[in-house]
1. Listed residues Lys353, Lys382; which is of a type in the set (Lys, Arg) and either closer than 16 Å to Ala441 by Cα or touching a residue at least 40 places away in the same chain (Cβ under 8 Å) (or both)?
2. Out of Ile419, Ile426, I need the residue that is under 22 Å from Gly452 (Cα atoms) and hydrophobic (A, V, I, L, M, F, W, C). Which one?
3. For the condition among the basic types (Lys, Arg), more than 27 Å from the chain's Cα centre (by Cα) and part of a loop (DSSP other than H, G, I, E, B), what is the one hit in Lys399, Lys466?
4. For segment 531-570, give me each residue that is under 26 Å from Leu484 (Cα atoms), in a loop (DSSP other than H, G, I, E, B) and among the charged types (D, E, K, R).
5. Where the second residue is assigned to a helix (DSSP H, G or I) and among the hydrophobic types (A, V, I, L, M, F, W, C) and the first is within 14 Å of Asp577 (Cβ to Cβ) and lies in segment 611-628, which pairs have Cβ atoms under 6 Å and are six or more apart or on separate chains?
6. Within segment 169-218, how many residues turn out to be of a type outside the set (A, V, I, L, M, F, W, C) and touching a helix residue (DSSP H, G or I) at 6+ places or on another chain (Cβ under 8 Å)?
7. Can you name the residue in segment 316-358 that is among the aliphatic types (A, V, I, L, M) and in a loop (DSSP other than H, G, I, E, B) and, of all such residues, is farthest from the chain's Cα centre (by Cα)?
8. So which residues in segment 93-108 are in contact with an Asp or Glu (Cβ under 9 Å, 6 or more places away or on another chain) and in a loop (DSSP other than H, G, I, E, B)?
Amino acid sequence: MTKKKILVITNIVCMLFFVNACKKETGVTGQQNLTQYVNPYIGTGGHGHVFMGANLPFGSVQLGATSVLQSWDWTSGYHISDTTIIGFSHTHLSGTGIGDLSDISLMPVTEEVILNRGNPGDPHSGIWSYFTRSSEKAKPGYYGVHLDRYNVDVELTATQRVGFHKYTFPKTDGACVIIDLENGTCWDKPTEGYIVQENDSIVSGYRYSTGWANDQRIYFTASFSKPIGKFVVSNANKRIMENSLKAEKVYGLAYFDTEEKEEICVKVALSPVSIENAKMNMQTELPGWNFDQTRTKAIRAWNDELNKIQIKTNDEAVKQIFYTGLYHTMIAPSVFCDVNSDYRGADGKIYRKNNFTNYTTFSLWDTYRAAHPLMTIIHPEKVDDIINTMLHIYQQQGKLPVWHLMGCETNCMVGNPAIPVVADAILKGFNGFDRDLAYEAMKTSALSDERGLVYLKEYGYIPYDKEEEALSKCMEYAVADWSLAQVARKMGKEEDYAYFLNRSKSYRYYFDKSTGFVRGLSSKGEFRASFNPFESIHRDSDYTEGNAWQYTWLVPHDIYGLVDLFGSKERFIEKLDSLFIVEGDMGEHASPDISGLIGQYAHGNEPSHHIVYMYPYVGQSWKTAEKVREILSRLYSVHSDGLSGNEDAGQMSAWYILSALGLYQVEPAGGRYIFGSPVIDEAVIRVGNGKTFTITAKNNSKENIYIRNILLNGKPYNEYYISFDAIAKGGHLELEMGSSRSASNPSAFPR
C-alpha cells in the first residue's frame, strides 16, 4: 500500500472518530458548546507539528503522548503517521520547527522492560508500545488511548500546572508506572535528574536538560491514588534498590498488584522553581481525585476561551478549521510561573511572588505578525502580562526576547521580533506596564551590536560578506525599527523617531531596480554576483527560509516606499501579480519550511503572510479578496495535513482566524486591520470589558467574495481598513458582499 493511500485511510479514520466524539459532547450552560468543533488531528500530519494531548488555554502543562521517533516532523512529540508511544510527558511544543521538551514522562507497563527509547523495529525493545488510531480519544482538555503491548487504557486531563493520569490495568502482579527522566523530544538531552520516594504514594524530583533551551530546569511531584507496592530507581538500565537517585539518566519504577479493570490515578504537578512549589501547585489546583470533574473543568475552560468569538456559517468545515485554529492559538505562550507567581528568570535566578503572570514559549518571528495582533483583540486581559514578561526578560538578559523557551534565550530566527509586539501594545493603549521601561527595552535591543546589528549601524545595512542571512536580518530589523519609531513619535522623542524611521528604510539598499528584486549587498556596496531569484539555500544564503521572490515584499511597514522603488504603481502591481503565477526551482537545499506555494507565494512560512493584503494599498482590494479566499480554501482543511506549514505556535491559525473574519493587521504595530474577504456570515467577538464587536457579512457565499459596501455602527464607512480602537470600543461592522467588484470597494492609494 502506498504512503498516500495510508494517509487517506488514516485521515478517514480520524475524521470518523472525531465526528462520533462530537455527537457525544454535551453542551455547557450559558454559552455555546464550541469544543465540539475542535479537531485536534488537524495539523498532526504533513509538517503541521501540532501538539496532541490534554491542556488548558495557555497552560503550563501540555500532557500528551510522545513517540519513539525523533525526526523533524516529530518536534511536538507526535505525528499522525506514527503509532508508537514511549510515554506521556507533561511539556510539549506545538507547531515549531525545532524539537525540545517532553519532560517528566510516565508510562504504565505490565512487564519488565528495557529502560531506553528502544527500536521501532523490535516491539519488545525499550519502554514503548504500539497503539491503534481507533482507540484514541482526543478533545480539548482530554486525551485517551489504549496501549496494545501492555493492555492498559490511558486517560489524561490537566489543570494549568498539574497533569492528571488515569490508567486502567488488567489483572496482574507486574503493573508498574515508570517515571522517565531521561527521554525527551528531538534536540533534548538530560544533564541531571533526581527522583525520591517520599512515602507510599508520593514521588518527587527534577529534570535538568539541554537542547533548544540550553539550561532547562523543571521540578515535579507525583501523587498516586494507590499505595506503591515497591519502588525501584534506575540509572539508565541499572536498577538500584534505593528510594532516591541523582544521575544523568534517571528512572523511577512504582510497582503494584492490580485486579482486572483496576484504575490507578497519578497527579503530576510541575514547577519551574522547586519541588516545594510543585506541591503547592498541586494542593492549590488539584487537591482531590475526581478525574471526570477535572476533565469537565478543562472542557469548560476551553469553552470559555473559544466563546470569545462566536461565528455563524453553514459550512461545517469552516467551523472545524476556525475553532481548531482558535484552539491552536491558545497553546502558546504558556504560563511559566507557580500559583504564587514565583518563576525562574532568564538569568537563572528565582523571582518570588511577582505581581504579574510570567509566560514562556515566545515564537516571536512567527507570532508578531498575526497571533499577537489577534491576542490584543480577544485576550486584552493577557496583554499586559505578556509585555511585563518581556520587560523582565529584558532586565534579566539585557535585551528583549528573540525566541524564549523555558527561561532560556534560543536566539532562533532573525530580527528583533519582540519590538513590534511591545510597540503594538503601547500604540493600542495598553498601560499595565512601565512604558518608559518598555521604550528603554526596545531602544536598547535595537542598538545592540549582536546578530548583525553592529554592521547595520556601521553601513546602514548588513553586508553579506559580514553576516550570514544578512538581507533577511536587516529587513526584519527594519520592521522592528519602524515600530519603535512610531512609539518614539507618540512619546515625543523626535530625534529617536527620525533615527529609527530612517533605519526602517534600510531595505532600500538591497533593491536592485534592474531586476526588481532585493539582493544580497557586500560591504563594498556591490550586489552578489551570482543571482537566482528562485534559489534558496537553507542557512547558507542571503535569505532566511525564503528566496528573492518572497523577501522582496517583506516591507509591511512602508508599502508606498516599496512602490517608489518599482518606479510606479503599475510596475509594483505587475510584479506582485506575477508572484502568484511564476514557477521556478528553489533548489535541493531549500528549507522544507518554504511550503504552501501559490506560484512563489509561500503561505507555509511567515514572511509571506501579509503579502496578499498589500493590494488595497494600491487600489486593488478585489485581488486581496480573491487570493484570501483561495488560500482559506486551498491551504487549510479538516484533514491531518490541513496546514500548509508548521503551525508555529499559533501563527498559521491566527492568519486563518483574522482572515476568516475579513481583516488582517499588515503594519507590524498600531492596529490598522486591512479588509479582505470574510468566509463567515457573522462573528460576535468579545473584546473585553463586557463589550462585543459584531461582524456581519451580508449575502456572503463562495461566489460573493467582494466587499461592495460597508457600514460601521449603521453609518457608511469608506476606508480600506478598520482601527483597533474601533474594534475595542465594541460595535457593529456590516459588510455587503457581492459577486462583482464595486467602484465603492474600499481601497486606497493616498499619494
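1. Values: Lys353 fails: either closer than 16 Å to Ala441 by Cα or touching a residue at least 40 places away in the same chain (Cβ under 8 Å) (or both).
That would be Lys382, the only listed residue that is of a type in the set (Lys, Arg) and either closer than 16 Å to Ala441 by Cα or touching a residue at least 40 places away in the same chain (Cβ under 8 Å) (or both).
2. Details: Ile426 fails: under 22 Å from Gly452 (Cα atoms).
Checking each option against the conditions leaves just Ile419.
3. Lys466
4. Asp542, Glu545, Asp558 - these are the residues of segment 531-570 that are under 26 Å from Leu484 (Cα atoms), in a loop (DSSP other than H, G, I, E, B) and among the charged types (D, E, K, R).
5. Correct list of pairs: Val612/Val628; Met614/Ile559; Val618/Ile573; Thr624/Val612; Lys627/Val612.
6. Taking segment 169-218 and keeping what is of a type outside the set (A, V, I, L, M, F, W, C), we get 170-174, 180, 182-185, 188-194, 197-201, 204-211, 214-217.
Retained after the next criterion (residues that are touching a helix residue (DSSP H, G or I) at 6+ places or on another chain (Cβ under 8 Å)): 185, 204-206.
Count: 4.
7. Within segment 316-358, the subset among the aliphatic types (A, V, I, L, M) is 317-318, 321, 326, 330-332, 335, 339, 346, 350.
Filter once more, keeping what is in a loop (DSSP other than H, G, I, E, B): 330-332, 339, 346.
Numbers: Met330: 8, Ile331: 7, Ala332: 5, Val339: 24, Ala346: 21 Å.
Per the criteria, the residue is Val339.
8. Those that are in contact with an Asp or Glu (Cβ under 9 Å, 6 or more places away or on another chain) and in a loop (DSSP other than H, G, I, E, B): Leu93, Ser94, Gly95, Thr96, Gly97, Gly99, Asp100, Leu101, Ser102, Asp103, Ile104.
The values are calculated or read from the model by the stated rules, or taken from the named source; none is laboratory data. Being a predicted model, the structure only gives us computed values, none of them experimental. Virtual Cβ from ideal backbone geometry, glycine too; neighbours counted across all protein chains shown.
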